[in-house]
Every structure is written in structure tokens, then in C-alpha cells.
Ligand code: NAD
């Protein structure tokens, strides 16, 4: 089976490489030549546009930064819609607004093309290992058709509901992870101020009601979890800017639904501030670095 892979960046690069390793023919396109060249080194053919890649493939996969990039890559000039044949299946694995997934799905549907959303969780290590969690929204028969392609990139594949539902699951998950990064960072800054050993505190919390997956796997304090980005000077991992974007998706969704949200917008703004202070392209757990105490002489 031939797969068009559009967006071969931080995540898409290793995901496309896994498709090649598992025996799929891959034709890749990225607007950044270096990202496309990396995909070619991993064994993909190169296309000159999203339309050209989509024209040749039975399944089109996209892995792009945000909603506007997805709209552009599908519906813009030389986009997927210009090349893809009737009856084909498109799988968008980017994290974007559920309403945009539905809008793109509708536009493709009008031209006889099928679309499912399949955002992922797990970051670069699991993209490389082919063990991502994948949350899928779409018609059951389309999800089944995509399953062999998804299984080459992920270990846990969940069919959540109709188109857009994968994105809903993803933004709910990242709301919790983003808030947890800020909460864990605040707690450990307080402990540090009192001179409590962060390793001891981690052991305590791991067996107490404040335990979180984020602390155990992506500890914001350097030197506690060997595989955490914090221990590699916050090399991403998952960039602060992308997590701020995802919290924004959750806040927008809540606004549309008139659901009150309090901690998600607070965490989003902390991450935005961290970004504007130079941490945007670091891992989002670098928010711990940003939450430094003020000078000891500052009035309380
Ligand atoms: P990235 O910016 O590294 O990669 C995106 C790629 O898309 C880039 O190479 C860019 O040049 C390309 N691109 C943009 N517009 C394009 C277009 N019109 N046509 C073709 N290519 C285009 O981002 P990433 O970290 O790979 O993230 C991709 C998506 O996955 C995001 O939505 C992100 O939120 C999500 N995600 C990322 C992680 C992570 O750990 N990095 C984890 C889970 C989910």
C-alpha cells in the first residue's frame, strides 16, 4: 500500500520512517526542505506538493502543527484536495480544533473523499518506537481501513467516536497534562524553598494522592527521572508553544460549549509567559525553570 505523508517534522519524521520500516511505500511532502530530505533518508519518495503526494497514494496521512496548517495543506493551493482521488481515505494525526477536523471532513466528503482524525500522544520517543497512543474519530469502516497504517505507528489505538472525537480526547488529555506540569512545578518550588529534598518529595507524592503520570515520567525538576526532558536541559519532548496551543484548544472548546474553565486558562497563560521569556521551543516542563522565586528581599 502506498501512503502519502505530509508534514515530516519532529513527530511526522519518525512516524513516516516507521511506515517505511513496516513495508509501506511512502511518498512524503513538507514545506521545509530539510524535513523532507530527512524523510527521504529514511526511505520515503519525495513529492513537490501535498497534491502531488496525495495523487499517488491510497491513504493520505498528515502531521502538521495546528488548525491553520491543516486547512492550508488540505484545502489551500496545491493541497491534498487538488490531488487526491475519489474514494480515498485521509488521516489527520495533527492536534487541532475538533471543529476544523469536521470542516475539512465535510469539504472532502463533498468531493467523495473520506477523512478521519487520529491525533497522538506519547511524544518523540514513542513516535520513534512506533508505540504512540492514537485517538481516532471517524466512521467505523474508515477506522478499520486505516488500522494497519495506524498500527505501524502506534501501540494503543482507540476509536473514540465520529469525526472530531479523537481531537476532543486529545485536548482533554493535554488539558490535564498541561495543568499538571504547572502544578507539579509550583509544588516543587515550594518544597525547594523549605529545603525539602525533591527526590524524597517525589517518593512521597508517588505513594500519595498527588501522584501524576507527568511527575513520574516527565518530572520538571532535573535529575530525578533519567528519561525526562528536564534532565537534558529541557530538549523537547513536547514544546512549550505546542502545549500552550493545546491548552488554547481546550479553552476555546470550553468557551464554545459555555463550560466554565478556570485552571486551564491559567496554565495556558503561564506557558505563554514562559514562551515569551525564551522557553517556547523547550519542553513544556521547563515551566519549572520559569517559576523561579523572586528575590528574597521582595516584600511578601
Ligand atoms: P513540527 O513543527 O516539528 O512538524 C510539523 C511539520 O509540518 C513541519 O516540518 C512543517 O514544515 C510542516 N508543515 C507545516 N505546514 C505544512 C504544509 N502546508 N504542507 C506540508 N508541510 C507543512 O511539529 P510536531 O512536533 O511534529 O507536531 C505535529 C503535531 O503533532 C502538532 O499538532 C502537535 O501538537 C502534535 N503532537 C506533537 C507531539 C510532540 O511531542 N512533538 C506529541 C503529540 C502530538
> Using alpha-carbon positions, what is the distance between the centroids of region 71-129 and region 219-294, in Å?
Replying inline: 26 Å
>> For the chain, what does the helix formula give at 222 nm: sum of -39500 (n - 2.57) over DSSP H segments with n ≥ 4, over the residue count, nearest 500 deg cm²/dmol?
In response: -15000 deg cm²/dmol
> How high is the relative contact order of region 106-256, in percent, with contacts defined as C-alpha pairs under 8 Å that are six or more residues apart?
Replying inline: 18 percent
> Given just the C-alpha atoms of region 2-162, how large is their convex hull per residue in cubic angstrom?
Replying inline: 90 Å³
>> No solvent, one uniform scatterer per C-alpha: report log10 I(q)/I(0) for the chain via the Debye equation at q = 0.09, 0.11, 0.15 1/Å, two decimals.
In response: -0.46, -0.67, -1.13
> Which shape class, rounded, prolate or oblate, goes with region 88-131 when its Cα gyration tensor gives a ≥ b ≥ c as root eigenvalues, a/c under 1.5 marks rounded, and past that a/b bigger than b/c marks prolate?
Replying inline: oblate
> How high is the relative contact order of region 168-290, in percent, counting Cα pairs under 8 Å that sit 6 or more residues apart?
Replying inline: 33 percent
> Averaged over all directions, how much area does the convex hull of the C-alpha atoms of region 1-78 cover when projected, in nm²?
Replying inline: 4.4 nm²
>> At a threshold of 8 angstrom on Cα-Cα distance, excluding pairs fewer than six apart, so keeping six or more, what relative contact order does the chain reach in percent?
In response: 12 percent
>> With 10 angstrom as the radius, rank 69, 109 by how many other C-beta atoms surround their C-beta, starting from the fewest.
In response: 109, 69
>> Only counting other Cβ atoms within 10 Å, I'd like 208, 67 sorted with the fewest neighbours first.
In response: 208, 67
>> Starting from 0.36 nm per residue, how many nanometres of slack lie between residue 208 and residue 109 once their C-alpha separation is accounted for?
In response: 30.7 nm
> Based on DSSP, what percent of beta bridges with both residues in region 100-176 are antiparallel, to the nearest 5?
Replying inline: 35 percent
>> Out of all DSSP beta bridges in the chain, what portion is antiparallel? Express it as a percent rounded to 5.
In response: 15 percent
> Which of 138, 12, 210 moves most in a GNM of the chain, Cα contacts under 10 Å?
Replying inline: 210
> If you build a Gaussian network model of the chain, linking Cα atoms that sit under 10 Å apart, which residue out of 192, 52, 71 swings the most?
Replying inline: 192
> What number, in nm² with one decimal, is the all-direction average of the projected area of the convex hull of the alpha-carbon atoms of region 253-300?
Replying inline: 4.9 nm²
> Which of these, 209, 49, 165, has the largest mean-square fluctuation under a Gaussian network model of the chain (Cα springs below 10 Å)?
Replying inline: 209
>> Taking only Cα atoms of region 168-290, what ratio of Rg to Rh do you get with Rh as the Kirkwood inverse-distance radius?
In response: 0.98
> Sorted by average packing, counted as other Cβ atoms within 10 angstrom per residue and highest first, what order do 20-30, 277-287, 147-157 take?
Replying inline: 277-287, 20-30, 147-157
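Any read-out appearing in this document is the output of simple, stated calculations on the displayed coordinates, not a laboratory observation. This is a predicted model, so every value here is computed, not measured. All Cβ positions, even for glycine, are placed from backbone atoms using ideal geometry, and neighbour counts span all protein chains on display.
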